[in-house]
Amino acid sequence: MVKRVSGKVLSSMALITLGWLAGCSEQEQATSEPVQAEAASAQGGEIVVYSSRKEHLVKPLFDQFTAETGIKVSYLTDGEGPLMARLEAEAERTPADMLITVDAGNLWQAANMGLFQPVQSDVLEANVPEQFQDSENRWFGLSVRARTIVYSTERVKPEELSTYENLSTGEWDGRLCLRTSKKVYNQSLVATLIERHGPERTEAIVKGWVDNLATDVFPNDTALMEAIVAGQCDVGIVNTYYFGRLQKDTPEIPLALFWPNQQTSGVHVNISGAGITQHAKHPQLARQLLEWLAQGEAQAMFAGINMEYPVNPNVPVDDLVKTWGEFKADDLNVEVAGRRQVEAIKLMDRAGYR
Ligand code: FE
């Protein structure tokens, strides 16, 4: 569903487009910020972004970009599925120059659907590590998220924890909580397990998780952590920024993060990222925004605003995020999340992971 505020943004966008076509300025006056739009386009032009990253995570960045460059950014936020379907349906008529979304599984999917064009950029190559970008340069990571183990500080000692794989052993029988397998985050995690261990061993691991479940799967990471606090289970697997949000609200929350697989594969990491659309009307301006987001203060803000890790290793980590400590991250190219997504979904289904 399109959010109300974003819907307004889109309708103003659509009106502006119609205005261009009809050479009519009257319709532009019906939009919420026609003066700003005209002033900005006089200086630096305008681009349109579709974003499955929520408005409060992208708007401050777009405002800053406009302030620095004079390039106005109109945007539409919605779920990644609807946005990709929209881009596909609009085809060459799309007003969108850029798609921002989360998870390499989704970015890979968008690239596979032909929704992106390759971007040759020395700036992006210098600032976004190889591991976090498409090998054909159709999408680039902009923040890194870690999907790690969370545990009850009341009922678990960190020494009892070791790896994702170990959560499938009898030790955790009736003590594990998981989010639904429908969420791409878990599909991506399982995709990397398949890449490491092959399908047979991975299926045994996932079956072990399912056998250890204390309760039905959760719709989101926050509900899962609340269940641990409530005593329904002792451990789970979550993205760290959701833990950060709970910790910000309740600093004394009896939960902690654990970095698994430090002797083996490292912590599972994924990205949020963006690409320039196949039918972008302003590919140069969109590229300018993409390059701006990948470095400096914008990059720190893009990650910090959601308590994620900067994709650019030269950019400092947010202060609260830093308190969770350093860890070794999996160094697999995140493309594997897309490449093995279908396989992962089928495997989780066979293992009874709902
Ligand atoms: Fe998320």
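The values are calculated or read from the model by the stated rules, or taken from the named source; none is laboratory data. This is a predicted model, so every value here is computed, not measured. Note that each Cβ is placed from the backbone with ideal geometry, even for glycine, and that neighbours are counted across all protein chains shown.
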Answer from K54, K59, K3 - the residue that is modelled with pLDDT under 95 and within 26 Å of E308 (Cβ to Cβ): K3
Extreme residue, nearest to the ligand (Cβ to nearest atom), among residues of region 138-160 that are buried (at least 19 other Cβ atoms within 10 Å of the Cβ) and in a loop (DSSP other than H, G, I, E, B): W139
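A quick yes/no check of all residues on (1) part of a loop (DSSP other than H, G, I, E, B); (2) away from the ligand (no atom under 16 Å from the Cβ); (3) not hydrophobic (A, V, I, L, M, F, W, C):
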{"position": "T215", "(1), (2), (3)": "yes, yes, yes"}
{"position": "G244", "(1), (2), (3)": "no, no, yes"}
{"position": "N261", "(1), (2), (3)": "yes, yes, yes"}
{"position": "G275", "(1), (2), (3)": "no, yes, yes"}
{"position": "H279", "(1), (2), (3)": "yes, yes, yes"}
{"position": "L285", "(1), (2), (3)": "no, yes, no"}
Residue count, region 163-181 (criterion: free of Cβ contacts under 8 Å to residues at least 60 places away in the same chain and within 23 Å of the chain's Cα centre (by Cα)): 2
Tabulated pairs, region 49-76, first within 11 Å of A298 (Cα to Cα) and in contact (Cβ under 8 Å) with a residue 60 or more places away in the chain, second in a strand (DSSP E or B) and of a type in the set (S, T, N, Q), C-beta under 8 angstrom, 6+ apart or interchain: none
All positions within region 340-354 that are within 23 Å of T215 (Cβ to Cβ) and touching a Pro at 6+ places or on another chain (Cβ under 9 Å): L347
Selected residue [within 30 Å of N212 (Cα to Cα), not hydrophobic (A, V, I, L, M, F, W, C) and not assigned by TED's automatic domain parsing to the domain that holds I237] from D122, D103: D103
Test: residue in region 212-223 that is among the aromatic types (F, W, Y), touching a Lys or Arg at 6+ places or on another chain (Cβ under 6 Å) and at negative phi: yes
Every residue from region 93-122 that is in a strand (DSSP E or B) and either within 16 Å of the ligand (Cβ to nearest atom) or within 18 Å of the chain's Cα centre (by Cα) (or both): M98, L99, I100, T101, V102, F116
V206 in contact with a helix residue (DSSP H, G or I) (Cβ under 7 Å, 6 or more places away or on another chain), touching a residue at least 24 places away in the same chain (Cβ under 8 Å), away from the ligand (no atom under 16 Å from the Cβ) and part of a helix (DSSP H, G or I): yes
Filter pass, E125 being over 29 Å from Y241 (Cα atoms), free of Cβ contacts under 8 Å to residues at least 60 places away in the same chain and away from the ligand (no atom under 16 Å from the Cβ): no
